1. Over region 253-355, what lengths in whole Å, largest first, do the semi-axes of the equivalent ellipsoid take, defined as the square roots of 5 times the eigenvalues of the alpha-carbon gyration tensor?
2. Enumerate the amide H contacts of residue 335 below 5 Å, restricted to partners 5 or more residues apart or on another chain; note that Pro and chain-start residues carry no placed amide H.
3. Expressed as a whole number of Å, what is the distance separating the alpha-carbon centroids of region 247-269 and region 225-246?
4. Could you go through region 369-375 in sequence order and give the Karplus-derived ³J(HN,Hα) for each residue, using 6.51 cos²θ - 1.76 cosθ + 1.60 with θ = phi - 60°, rounded to whole Hz, and x for Gly and Pro?
5. Search the structure for amide H atoms under 5 Å from the amide H of residue 128, placed 1.01 Å from N in the peptide plane, and list their residues when 5 or more places away or on another chain.
6. Only loop residues by DSSP count here, and only those with at most 12 other Cβ atoms within 10 Å; note down the chymotrypsin sites (Phe, Trp or Tyr not before Pro) in region 202-255 that meet that.
7. Take the Cα coordinates of region 332-384, assign each an equal point scatterer, and use the Debye formula without solvent to give log10 I(q)/I(0) at q = 0.13, 0.22, 0.27 Å⁻¹.
8. When the chain is fully extended, how far beyond the present Cα-Cα distance does residue 16 get from residue 221, taking 0.36 nm per residue of separation?
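No value in this document is a laboratory result; all are computed from the given coordinates. All values reported here derive from a predicted model rather than from experimental measurement. Backbone-built Cβ (ideal geometry, glycine too); neighbour counts: all protein chains shown.
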Amino acid sequence: MVLVAVFGAALLIAVLLSGLAARTVLSTSFLFLVGGALVSDGFLGLIHITPDSGIVAVTADLALFAVLFTDGMHVSFPKLRASWKSPARALGLGMPLAFVGMALVTHYLVGLDWTTSFLVGAVLAPTDPVFASAIVGRKEVPAKLRQLLNVESGINDGLALPVVLVLIAAAGPSNGGTETSLGMIALELGLGLAFGVLLPLLVNGLVRFRLLGAEPKLQPMLPLATGILLYAVCHLTHANPYLAAFSAGAVIVAVAPEAKAAFEPLGEALAELAKFAALLVFGALLTPQLFGDLSVGGYVAVVLAIVLIRPASMLPSLVGTRFDRRERMVAAWFGPKGFASVVYGLLVLQAGIPQGEEAYTLIAVCIAFSIIAHSSTDVPIARLFEVDDLAGIPGGDDDTSTTPTAADGQAGTGDAAGKR
């Protein structure tokens, strides 16, 4: 119950400070991260959470499912077909370059084996613009730049997941079980994709029956019920719930856009709550001992991941595009380590692989540094585009027009609530 009280207090403080956060270097995500660290054993000792605590696995699992479910609903296939080249370059060239670059840095500076180094690269490959919402949340920032960051971050979580799971299996404690593990992973991913596609189609078919259908005030419950049922089915059958969640969201927006529109405000709020809860729990794991366990080479790798690897991988992918120099530099800088990286890092820690603890320490510190660096620089950089009225401040001239005009990603309409 202490954890619930801490979460309620953190949520209240975050909401009260959200207006200030939209104009300053504060962010609500950072507040939850710091709040979790302050109440942990490393500082005040109000809550006692370890990586193997049940609350860690449950919170991370639910949060990532909710986030990927809403992320999938931001995948607009018509808009992607209309302007797909720049996001495709970022995903097809920039993301693999970042993946390989982080693996090289991890291997040579931290000393992890090649499999675990590539696993670290896969975990840190996804990006998340909710830590830079002043960039993606206002129409004054060029639409093509917002679109690029939104689409990239909305899709790279799902792209990284199979790679993470395969590399966890490959880095397992016994080589003898690797083949079986890889086969099981393929089966789980296939079942997850199948359930994620078929269940929304089934629900959409039921809605078409003349005697069935939801009244207006209950329409937001229809995708919610689909998501809950999908989550339960995946865990009962050992199907991968994350791939199922992302694919289900994409199917819903494709076959039932009216259901997506009705569910969007509720879905964004629920995803934010789940995300904040996971960040609070993750923050509780960021003890002084964890930071002390990282070697000097590890800290160098963290800095390089933020200031070198992202720009060096993103800039080549934008060569020959319509982005000017300033837009390219902003896109290259804003590659914050995403919320998915938090959950994938916990998966690595709980997998029991030989160098899992060392990998998790590097991942956790990198995520913490990234949240600080990117969420504290989005407002100053947004001002380079002469953004006078930043996201989420009441009374603005365009307070209701924060949703990007092009394909949405993780930021979606939730960014209208302020800098997160």
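1. With the √(5λ) rule applied to region 253-355, the semi-axes are 30, 27, 12 Å.
2. Under 5 Å from the amide H of residue 335 lies no amide H from a residue far enough along the sequence or on another chain.
3. That distance is 16 Å.
4. 5, 5, 4, 5, 5, 7, 6
5. Those qualifying (amide H under 5 Å, at least 5 residues apart or on another chain) are 338.
6. Those satisfying the criteria are 209.
7. -0.38, -0.78, -0.98
8. So the chain would gain 71.0 nm between residue 16 and residue 221.
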